[in-house]
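Notes for the one structure printed next.
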Number of protein chains: 2
Amino acid sequence: MRIDMVKVNENYQKLPGSYLFSTIARKVNAYSEANPDKKMIRLGIGDVTQPLAPAIIEAMHKAVDEMACAETFHGYAPDLGYEFLRSAIVKNDYLARNCDIAVDEIFVSDGAKSDSGNIQEIFAKNNRIAVCDPVYPVYVDSNVMAGRTGTYDAVSETWSDVIYMPCTMENDFVPEFPRETPDLIYLCLPNNPTGTTITKDALQGWVDYANRCKAVIIYDAAYEAYISEKEVAHSIYECEGARTCAIELKSFSKNAGFTGVRLGYAVVPKDLKCGDVSLNAMWARRHGTKFNGAPYIVQRAGEAVYSEEGKAQLKEQVAYYMRNAAVIKNGLTEAGYTVFGGVNAPYIWLKTPEGMTSWAFFDYLLERANVVGTPGAGFGPSGEGYFRLTAFGAYENTIAALERIRKLGL
Amino acid sequence: MRIDMVKVNENYQKLPGSYLFSTIARKVNAYSEANPDKKMIRLGIGDVTQPLAPAIIEAMHKAVDEMACAETFHGYAPDLGYEFLRSAIVKNDYLARNCDIAVDEIFVSDGAKSDSGNIQEIFAKNNRIAVCDPVYPVYVDSNVMAGRTGTYDAVSETWSDVIYMPCTMENDFVPEFPRETPDLIYLCLPNNPTGTTITKDALQGWVDYANRCKAVIIYDAAYEAYISEKEVAHSIYECEGARTCAIELKSFSKNAGFTGVRLGYAVVPKDLKCGDVSLNAMWARRHGTKFNGAPYIVQRAGEAVYSEEGKAQLKEQVAYYMRNAAVIKNGLTEAGYTVFGGVNAPYIWLKTPEGMTSWAFFDYLLERANVVGTPGAGFGPSGEGYFRLTAFGAYENTIAALERIRKLGL
């Protein structure tokens, strides 16, 4: 018998603690169980609360009925998504904005979280990644699992091989070109968690930079539907030259309430190449080998997002959440907090009170106001001293949460 | 400006050709477009044709209605799946068979293809994999992408670092313990594509072998519902000691017709460890970081699979397909073919006519009988000289296909 045995991916052991939102869920559950009488208001994870729009519900019922009948039953979906959905995406999200994107550059998936986690697989291990700090934890964590991030320093809470681009009130939350040249640049704009974004001109600067240094931008546009300002781009392909340097990830979770429905897509332009290797072909191969398509019913639901009724209903839904954003932003400002975001995104980013870390403020709000938010430090070291509240709650709960926070004083 | 640029995962470039079923789809589409008058019968990919059972349709409609109302709306699912589904799985698929599996050892996913492709991620790159030959292509391809398979030899169509376990008529399709010791052993039983399987006693031998050499078995039980013989195990956990050496992957695609619905699960026992590292904890971390749960509606559909009505209806559905299997098996046998499988699995594995490769037979059947099957060589070098037909067609089409094949003569 050999002493040798199966070996695990040791990169997993390098990950400090658990996934941020799992940790929060555990803390909240423990508090709720110990205090069953307290009514919690959850403005923590970015989960939506409003029901699916009627046009979407109707499309789903119709699709379920199709699955009940041999003549209209749908088995395996086409690898990269149904043509009806990919066409609707191209027409509405790209051609309508004069972005030159073709149907075979759209890859339908089960959500932007999967895409953000999986996209790094098509790149070599020795690429250097750059991320905004703070940012959605999946970018870094998935690269840790792949062994691309070097060693972790518990004091600074940073990885030796990750390039951090701090986004704080000191630089108006606008990432600056890093001193070291990155290979993969993750940009989430409008940003999660800060709720801030950059102008189209500034984004053009990033596209030019990436083309200049032959890097690829992974552009997470999950919050695009919340953009209200004219000078902000809805897609990176509004910028000249983005087809040769950018992959765009889109979600249906936030614009259409699909967090529990699961649908997203990635755009990988055919002009995006490393030498003569097409990233579009690589991603197609990844999809074909390790994924089997989003459910037919869900893809029909996605199509309904682009119907005239769907668009009108979802415009109202986005407005509902942005009214919450205004409630939080104004309420906190009146209470004396320093507040950012909430204009082009459903997130409010606040400075924690003097001398209170972001996890301390998490506990404070949880225990004293029974309001759940997300500690900024969970999104990266530059998130320390900040705290995220989401506008995705019910209106009444949002009002009530702000009332409780105001009562606490500052 | 640097000369250096972003680098791709070069393992992808090692993959010969495209994913098997994508290649077949392209060939069939090309033939259909050139011959629009021909009525094709598809017994190629393992896609089902019968509609979803009434109990499942009812559950889905109900779940869609819940999503239409704020009080019953469901956002993000729990990372690892809803408790209602995980409990139903444990009760019906494990406790009912005296298998000791707990709810927190079940990981609900969007399907067994994703799980089969992703599971290798939690293991180190320097593990040696062993696969049955022929077998479902995803096991090898996903390990190629991860850089675990060495170099490809185009003549033998094998990878230098993969241990192949030939399953041919010469050994009654029963894999033998390999000479070199593997770290990860992929077993798909009942087997895709051969439609054959092994007895519970033989499987116990594999469990003992894996425990002895400290290897992990990835046990793909996607076709479990088609087992008709008493001496065949429905789960690897029916074997003693499997909790310390086996991960089981299950699909709802074949037992419940979910190919276009997308649902599966993985079982990772807490006793499965490498040193003191828990694979259960690693897979939980992978799920939490790179996946966001299967849709609520789909998980409710999965729950209905285990209802009394659902079970009765699906028993009939499985019987429907197994009647097709008998039609194919008997028809081919009468036509003079040598035929395997079709007793514990919905696949028929036939010897191609003397002097005809499996791709030549594919073209022959496509062009002369307008019947689509799958060439054995696509599943591995030992699949050469064999051909797969599936029992998942409509009964009438299956009868018609066999009529056409019989007319061709042998």
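Within chain B, DSSP assigns beta bridges of which about 55% are antiparallel (rounded to the nearest 5). Taking only C-alpha pairs under 8 Å that are 6+ residues apart, what is the relative contact order of the stretch A:57-306 in percent? Relative contact order, the stretch A:57-306: 26 percent.
Each residue of the stretch B:100-107 was assigned a 3J(HN,Hα) from its phi angle through the Karplus curve 6.51 cos²θ - 1.76 cosθ + 1.60 (θ = phi - 60°); the sequence is 8, 10, 9, 4, 7, 10, 9, 10 Hz, with glycine and proline shown as x. Legend: Rg and Dmax of the stretch B:115-246, from Cα coordinates, 14.2, 42 Å.
Across the identical copies, the label point of A:Glu309 (7 Å from Cα in the Cβ direction) is separated from its matches by 2.6 nm, in order from shortest. Placing a label point 7 Å from Cα along the Cα-to-Cβ axis, A:Tyr31 is separated from the same position in the other copies by 6.3 nm, shortest listed first. Sparsely packed loop sites in the stretch B:27-134 (the GluC sites (Glu not before Pro) outside DSSP H, G, I, E and B with at most 15 other Cβ atoms within 10 Å) comprise B:Glu71. The label point for A:Ser87 and the one for A:Arg179, both projected 7 Å from the Cα toward the Cβ, are 5.4 nm apart. A crude spin-label estimate for the pair B:Ala326 and B:Ile399, with each label 7 Å from Cα along the Cβ direction, gives 1.4 nm. Derived scalar couplings between HN and Hα for the stretch B:35-47 equal 10, x, 7, 7, 8, 7, 10, 9, 10, x, 5, x, 8 Hz in order, rounded to whole Hz, by the Karplus curve 6.51 cos²θ - 1.76 cosθ + 1.60 (θ = phi - 60°), x for Gly and Pro. Scan chain A and hand back the longest stretch that contains none of the trypsin sites (Lys or Arg not before Pro) lying in DSSP loops with at most 15 other Cβ atoms within 10 Å. Here the longest run is A:271-410. Take the Cα of A:Ala312, step 7 Å toward its Cβ, do the same at A:Lys39, and the gap between the two points is 3.5 nm. Shielding by partners for peptide B:119-128, expressed as the average number of C-beta atoms from other protein chains within 10 Å of each residue's C-beta, is 4.
Which entries of A:Lys113/A:Lys351; B:Lys38/B:Lys407; B:Lys230/B:Lys250 have Cα-Cα distances beyond 22 Å here? It would help to have the intermediate numbers written out before the result.
On the way: A:Lys113/A:Lys351 27 Å; B:Lys38/B:Lys407 16 Å; B:Lys230/B:Lys250 20 Å.
The pairs that break the limit, which is 22 Å between Cα atoms, are A:Lys113/A:Lys351.
Computed over the protein assembly as shown, the quotient of the alpha carbon radius of gyration and 2.2 N^0.38 Å is 0.95. In the stretch B:57-308, Rg over Rh equals 0.97, where Rg is the alpha-carbon radius of gyration and Rh the Kirkwood radius from pairwise Cα distances. Sorted shortest first, the distances from the B:Glu10 label point to those of the same residue in the other copies are 2.3 nm; each point sits 7 Å from Cα along Cα-to-Cβ. For the stretch A:177-187, the Karplus equation 6.51 cos²θ - 1.76 cosθ + 1.60, evaluated at θ = phi - 60°, returns couplings of 4, x, 5, 7, 7, x, 9, 10, 10, 8, 10 Hz by residue, with Gly and Pro reported as x.
Set the Förster radius R0 to 45 Å, insert the Cβ-Cβ distance between A:Ala281 and B:Glu354 as r into 1/(1 + (r/R0)^6), and round the FRET efficiency to 0.05.
Values: r = 38 Å, r/R0 = 0.85.
About 0.75, to the nearest 0.05.
Net length available on complete extension from B:Arg406 to B:Ala154 is 87.2 nm, with 0.36 nm assigned per residue and the Cα-Cα distance removed. Compactness of the stretch A:209-304 is given as radius of gyration and Dmax, 15.0, 43 Å, from Cα positions.
Out of the stretch A:353-404, which GluC sites (Glu not before Pro) are coil in DSSP terms and have no more than 12 other C-beta atoms within 10 Å? Could the numbers behind the result be given before it?
On the way: sites: A:Glu354, A:Glu367, A:Glu384, A:Glu396, A:Glu403; in loops: A:Glu354, A:Glu384.
Passing both the DSSP loop test and the Cβ count: A:Glu354.
Any read-out appearing in this document is the output of simple, stated calculations on the displayed coordinates, not a laboratory observation. Remember, predicted model here, so these are calculated numbers, not experimental data. We place every Cβ from the backbone using ideal geometry, glycine too, and count neighbours over all the protein chains shown.
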